[in-house]
1. So the check is Cβ under 8 Å with 6+ separation or different chains; which pairs have a first residue in segment A:48-71 that's without any contact (Cβ under 8 Å) to a residue 40 or more places away in the chain and a second one that's outside any helix (DSSP H, G or I)?
2. Quick check on segment B:1-20. Is at least one of its residues modelled with pLDDT under 85 and in a loop (DSSP other than H, G, I, E, B)?
3. May I ask you to say which residue of B:Pro81, B:Pro146, B:Pro121, B:Pro110 is at pLDDT 85 or above and out of contact with any Leu (no Cβ under 9 Å at 6 or more places or on another chain)?
4. Scan segment B:53-65 for residues that are at the interface with another protein chain (Cβ under 7 Å from one of its Cβ atoms) and at negative phi and jot them down.
5. Out of (1) buried (at least 16 other Cβ atoms within 10 Å of the Cβ); (2) more than 14 Å from the chain's Cα centre (by Cα); (3) among the β-branched types (Val, Ile, Thr), what's the single condition that is false for A:Thr144?
6. If we scan segment B:41-50, do we find a residue that is within 18 Å of the chain's Cα centre (by Cα), more than 9 Å from chain A (Cβ to nearest Cβ) and assigned to a helix (DSSP H, G or I)?
7. Mind checking which pairs have a first residue in segment A:103-114 that is at negative phi and a second that is aromatic (Phe, Trp, Tyr), Cβ under 8 Å, 6 or more apart or different chains?
8. Of the residues in segment B:149-192, how many are more than 7 Å from chain A (Cβ to nearest Cβ) and in contact (Cβ under 8 Å) with a residue 60 or more places away in the chain?
Amino acid sequence: MELLFTMIVPLTIAAVALYGAGRRVDVYAALVRGAASGLETLARIVPALIGLLAAVYMLRASGALEWAAQALAPLMESLGLPPELLPLMLVRPVSGSAALGVGSELIARFGPDSTLGRTAAVMLGSTETTFYTVAVYFSAVGVTRSRYAIPAALCADLAGFLASAWAVRLLF
Amino acid sequence: MAMTVIWTGMVVISVLFGLSCGRGPEVAAAAMEGTSAAVELCLSIAGMMCLWSGVMEIMRQSGLAAGLSRLLGPVLRRLFPQVAADHDVMDSISANVSANLLGLGNAATPLGLEAARRMSPDRSDTASDALCMLVVCNTASIQLIPTTVASVRAAAGCAAPFDILPAVWLASGVSIAVGVAACKLMARLWRS
């Protein structure tokens with residue numbers, strides 16, 4: 001099982017390339033075209049990431065994050081969540097690049113294989129930028145009364161955060 | 001606008017906290033550190049992100065995404081009973097969901113917007129139950145292989161960046177199940 005998850009990248013790439021070649025797709029041209037679009041995605045998030053990581057580092061150096069984490073620690077701990085993850089949970093529904101910045105800082109600081117680093121990674125991988133998505137969809141069809149869409153989506157986010165912490169403790 | 005408030009708030013709080021705790025110099029140095037950390041992060045995840053985007057493009061062109069979308073039909077008809085009879089709407093929903101599963105973010109959004117437009121032709125200003133469900137499905141992450149996060153873990157020196165996959169699937173499953181349940185429940189309680 002462990003070997004499977006280590007090999008998932010090369011196996012997936014090989015399988016997709018073989019399937020594509022079998023279906024007469026110009027695999028290499030598609031690969032290069034996709035990679036170029038990946039670079040575009042990256043170029044879009046670089047400016048946001050620079051601004052956000054500067055602010056996150058400042059917040060950390062000022063001691064404000066420790067203070068907030070300490071103040072909310074009892075609430076977070078009663079839910080089974082490490083208090084250090086609070087900033088990540090707050091920005092996750094609002095901005096994807098901000099969450100990536102906050103999350104990668106946590107992963108680098110605590111280590112990718114620590115419980116905290118893993119939980120941050122699972123939170124990033126199992127939730128989306130809720131408010132952005134809601135705004136894009138409703139503005140595209142001219143809906144101003146979104147009814148229960150936002151509360152329902154936030155229920156899903158909260159469930160995802162709690163389940164991330166539980167899943168990491170259960171599986172590692 | 002939300003990010004304006006959050007970002008400005010973060011910076012102002014840092015300065016106020018730093019000054020009152022006597023950590024002014026650390027805050028000043030941290031701003032510099034943060035910017036170079038951001039550039040380093042982007043450089044270190046660039047390779048993996050581009051490679052995966054390339055693999056996803058092969059999946060799209062070879063019809064893997066379309067095949068997945070056919071598999072999803074039966075499940076989606078139960079989630080969207082109000083529009084299940086409309087083939088055009090169901091096709092764009094399936095394509096949207098399968099693009100999300102494969103992590104084709106750039107392809108998923110236009111497909112989802114097409115579904116949203118087709119399911120509300122009357123341009124009503126109130127969201128229908130089907131539209132709420134579509135939006136909630138898109139705000140929950142159902143990506144099978146979360147490549148960006150794996151790139152970040154690899155950049156932090158992780159030997160097996162994908163070992164979180166089962167945990168991600170579990171958490172995503174719980175999240176989407178709660179989202180769908182909340183939608184179905186609130187649709188009954190919430191009279192428009």
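The values are calculated or read from the model by the stated rules, or taken from the named source; none is laboratory data. Everything numeric in this text was worked out from a predicted model, so none of it was measured. Here Cβ is always computed from backbone atoms with ideal geometry, including for glycine, and neighbour counts include all displayed protein chains.
1. Qualifying pairs under 8 Å: A:Ala61/B:Arg23; A:Ser62/B:Cys21; A:Ser62/B:Arg23; A:Gly63/B:Cys21; A:Gly63/B:Arg23.
2. Yes, because at least one residue in segment B:1-20 is modelled with pLDDT under 85 and in a loop (DSSP other than H, G, I, E, B).
3. Of the residues listed, the single one that is at pLDDT 85 or above and out of contact with any Leu (no Cβ under 9 Å at 6 or more places or on another chain) is B:Pro81.
4. B:Ser53, B:Gly54, B:Val55, B:Met56, B:Glu57, B:Ile58, B:Met59, B:Gln61, B:Ser62, B:Leu64
5. Here A:Thr144 clears every test but (1).
6. no
7. A:Glu105/A:Tyr57
8. Selection size over segment B:149-192: 5.
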